There are 2 protein chains.
Amino acid sequence: MYNIGVDLGGTNIAVGLVDKEYNIIVKRSLPTRAERPAEAIVDDIAALCREVCSEGGCALSDIATVGVATPGTANGRTGVVEYANNLPFRDFPLARLLSEKLDKATVKIENDANAAALGEAVAGAAKGTDISVMITLGTGVGGGIIIDGKVYSGFNSAGGELGHMVIEHGGVPCSCGRRGCWEAYSSATALIRMTKEKLEECEKNGVETAMSKAERISGRTACDAMRAGDKAAKEVYDTYIAYLATGLANIINIFQPQVISLGGGISNEGQSLIDDLLPLIAKEQYGGGDKPNSTKIRIAQLKNDAGIIGAAAL
Amino acid sequence: MYNIGVDLGGTNIAVGLVDKEYNIIVKRSLPTRAERPAEAIVDDIAALCREVCSEGGCALSDIATVGVATPGTANGRTGVVEYANNLPFRDFPLARLLSEKLDKATVKIENDANAAALGEAVAGAAKGTDISVMITLGTGVGGGIIIDGKVYSGFNSAGGELGHMVIEHGGVPCSCGRRGCWEAYSSATALIRMTKEKLEECEKNGVETAMSKAERISGRTACDAMRAGDKAAKEVYDTYIAYLATGLANIINIFQPQVISLGGGISNEGQSLIDDLLPLIAKEQYGGGDKPNSTKIRIAQLKNDAGIIGAAAL
């Protein structure tokens, strides 16, 4: 018996045939072309599902579940994507339609950040735990909460928006309409903003910084310059890390998960990022963070496969 | 069959005989006298348990469970109170000791804020829900999270510290050692601090305010003066409400519970407090707050009985 995991994104549709040990046996992908009608996208998902089955030498009837990780608010109970801002889905019955196109296969859906968290919980950085949280530090800050091995998303499937927890009351405007969200301080986008602000400040004050040599300001600019010994870059990095630690300590105080795994572009900084975070988090968490039963912070392991594996585990 | 609920506090021990519909049949209490050895406190708890049984006309063998709501970190799995700052409990095997003194009755323990949340979930403001959060706005800000009808407290029983979620990075020092915790802005203690600061400011600037007529500054001083039309008091109240709304919107974005119930001294402001909070929360929550499946904010109903009823429901 296999499962199929579908990672539906604004750019690509990736589909994997996944075995019971969460190995991806076959993987295929197509561009999403999100400007198309929703049903055309579902047609391509169905075609990819049939293709991975055929390549993997199995029939659709050998598939226990087809899981779909989708952007937006995905209601796991009804199978309806209520809203997605980068796909043409508005109260769209994705699970039912895909099931119809796949000979009535069992189809389950989940928000993509939640599915990635489930992937890390079953086969990645949080493998073997009951309670874990995954944070994706990318364009935004995504969150996925796993409790007792299942995705937690509240009574209406809209929970787990950890990036939209305000950590600076009245602070920087966030894309969601609030001010001071964690996302506005700890996303790659926020790091780029902080880097640009520091560059302007350096320029204004005639201070030299290695960051000004970057061809294009990215989330890595400040990190790289800091590691090369640049003082202004270290200030940017320290500010960024302090906000990141504040949000992570909040999550620990609230959830006390066994593991928090960090994914997304910023997590490519690897273990040194965690080493820099740990002393701040230890100091900030309720009751101290140096006990054997404290939350572990780890870099996520599954990278681009987290969505497929998590979807297959739904 | 009955349960017994024990609400153990720093000042009083209250014990109730509770029926299956969560009615308190008999209630008895004694002063805690927290300076005594831990075992003497357990002796009194046991005596009160026997007393409510006898008064209620039942035997200890008619009791399904004795639940104890205790301050501090209570490990529900081991029955050990790991730490309490206002009781002589350090890794104290409360459940085992109490069971021994009660003819081997089944004893379960839980943190008091969590037990109160469970009380509200089974018999109070969140009755009939699967997912709810209770916030106690008192000396501190306590939190209790109920998921699928059970207390959620993380893998190590230390979770649910919602008051120690930073909402103002680098802000006001909190008793826990962090800066900018929700508790430091939304507890009654915080409201009193804000009131005193505004009084000083008024005095310094020669501004008249009704708040200066209060004999003693309490959490009610600003609320009462504001309702009497005092401008300075309204500024204090508006600031307080804004921080409170920020924390509540965070909880909604994270948990999407069916109900958040508000307890503690500040909740005596009643429905007008909620009416003032709702527009702020609606604006701040992810995806908007005016949908039929949005979280309801309610005043907690069980008041001082929440701990007994929640403990009895463990």
Worksheet item: What is the distance, in nm, between label points placed 7 Å from the Cα along the Cα-to-Cβ direction at A:Ser272 and at B:Ser212?
Response: 5.9 nm
Worksheet, complete the sentence: Counting sequence-distant residues (5 or more places) and residues on other chains, those with an amide H built under 5 Å from that of B:Ile299 are B:Leu262
Worksheet item: Out of residues 5 or more away from A:Ile13 or on other chains, whose amide H comes under 5 Å of its own, with H placed 1.01 Å from N in the peptide plane?
Response: A:Leu30, A:Thr32
Practice prompt. Summarise the long-distance tail of P(r) for the stretch B:250-314 by giving the % of C-alpha pairs beyond 14 Å.
Written response: 62 percent
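Report the longest stretch of chain B that contains none of the GluC sites (Glu not before Pro) sitting in a DSSP loop with at most 16 other Cβ atoms within 10 Å.
Details: sites that count: B:Glu21, B:Glu35, B:Glu208, B:Glu215.
Answer - B:36-207.
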Worksheet item: According to the square roots a ≥ b ≥ c of the eigenvalues of the Cα gyration tensor, what is the shape class of the protein assembly as shown, taking rounded for a/c under 1.5, prolate for a/b larger than b/c otherwise, and oblate for the remainder?
Response: oblate
Worksheet item: What is the set of long-range amide H partners of B:Tyr286 at a cut-off below 5 Å, with H atoms built 1.01 Å from backbone N?
Response: B:Asn253
Worksheet item: B:Asp148 to A:Thr106: FRET efficiency via 1/(1 + (r/R0)^6), r the Cβ-Cβ distance, R0 30 Å, to the nearest 0.05?
Response: 0.85
Worksheet item: What is the distance in Å between the Cα centres of the stretch B:137-154 and the stretch A:124-203?
Response: 23 Å
Item to complete: Between B:Lys234 and B:Asp91, with labels modelled 7 Å along Cα→Cβ, what's the label distance in nm to one decimal, could you check?
Response: 5.7 nm
Worksheet item: What trypsin sites (Lys or Arg not before Pro) does the stretch B:48-113 have in DSSP loop regions with at most 13 other beta carbons within 10 Å?
Response: B:Arg77, B:Lys104
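Given only helices, namely DSSP H runs of n ≥ 4 each adding -39500 (n - 2.57), what is the per-residue ellipticity at 222 nm of chain B, to the nearest 500 deg cm²/dmol?
Numbers: 9 runs with 116 residues, N = 314.
Mean residue ellipticity at 222 nm (helix-derived): -11500 deg cm²/dmol.
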Discussion item. Let me make sure I get this right: for the stretch B:62-122, a, b and c are the square roots of the gyration tensor eigenvalues over alpha carbons, sorted descending. Under 1.5 in a/c it's rounded, otherwise prolate if a/b > b/c, else oblate. Which is it?
Written reply: oblate
Worksheet item: If you line up the long axis of helix B:188-205 against the longest principal axis of chain B, both from Cα atoms, how many degrees apart are they, to the nearest 10?
Response: 20 degrees
Practice prompt. Starting at the first residue of the stretch A:216-227, write each ³J(HN,Hα) from the Karplus equation 6.51 cos²θ - 1.76 cosθ + 1.60 with θ = phi - 60°, in whole Hz, x for Gly and Pro.
Written response: 9, 6, 10, x, 8, 3, 5, 4, 4, 5, 4, 5
Worksheet item: Per-residue HN-Hα couplings for the stretch B:250-262, Karplus 6.51 cos²θ - 1.76 cosθ + 1.60 at θ = phi - 60°, whole Hz, x for Gly and Pro?
Response: 4, 5, 5, 4, 7, 9, 6, x, 5, 9, 10, 9, 10
Practice prompt. Per residue of the stretch B:155-167, in order, report the coupling 6.51 cos²θ - 1.76 cosθ + 1.60 (Karplus, θ = phi - 60°) as ³J(HN,Hα) in whole Hz, putting x for Gly and Pro.
Written response: 6, 10, 6, 9, x, x, 7, 5, x, 9, 9, 6, 10
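What length, rounded to one decimal in nm, is gained on full extension from A:Lys204 through to A:Gln301, with 0.36 nm per residue of separation minus their alpha-carbon distance?
30.8 nm
Would you mind classifying the stretch B:1-146 by shape? Square roots of the alpha carbon gyration tensor eigenvalues, ordered a ≥ b ≥ c; an a/c under 1.5 is rounded, otherwise it is prolate if a/b is larger than b/c and oblate if not. If you can, show how the numbers build up before the last one.
On the way: a/c = 1.60, a/b = 1.07, b/c = 1.50.
Verdict is oblate for the stretch B:1-146.
Could you pull out the trypsin sites (Lys or Arg not before Pro) across the stretch B:172-247 that fall in loop regions by DSSP (anything but H, G, I, E, B) with no more than 13 other Cβ atoms inside 10 Å? Intermediate results must be reported in sequence, preceding the final value.
Working: sites: B:Arg178, B:Arg179, B:Arg193, B:Lys196, B:Lys198, B:Lys204, B:Lys213, B:Arg216, B:Arg220, B:Arg227, B:Lys231, B:Lys234; in loops: B:Arg178, B:Arg216.
Answer by residue number: B:Arg216.
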Discussion item. Helix A:271-284 against the longest principal axis of chain A: what's the angle in degrees, Cα atoms only, rounded to the nearest 10?
Written reply: 70 degrees
Worksheet entry | Principal-axis tilt of helix B:112-123 within chain B, Cα atoms, nearest 10 degrees | 80 degrees
Worksheet item: Which residue, A:Leu137, A:Leu277, A:Leu17, has the most motion in a Gaussian network model of chain A that connects Cα atoms within less than 10 Å?
Response: A:Leu277
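Each value in this text was obtained by applying a stated rule to the coordinates, not by laboratory testing. Note that this is a predicted model, so its numbers are computed, not measured. Here the Cβ is made from the backbone with ideal geometry for all residues, glycine too, and neighbour counts use every protein chain on show.
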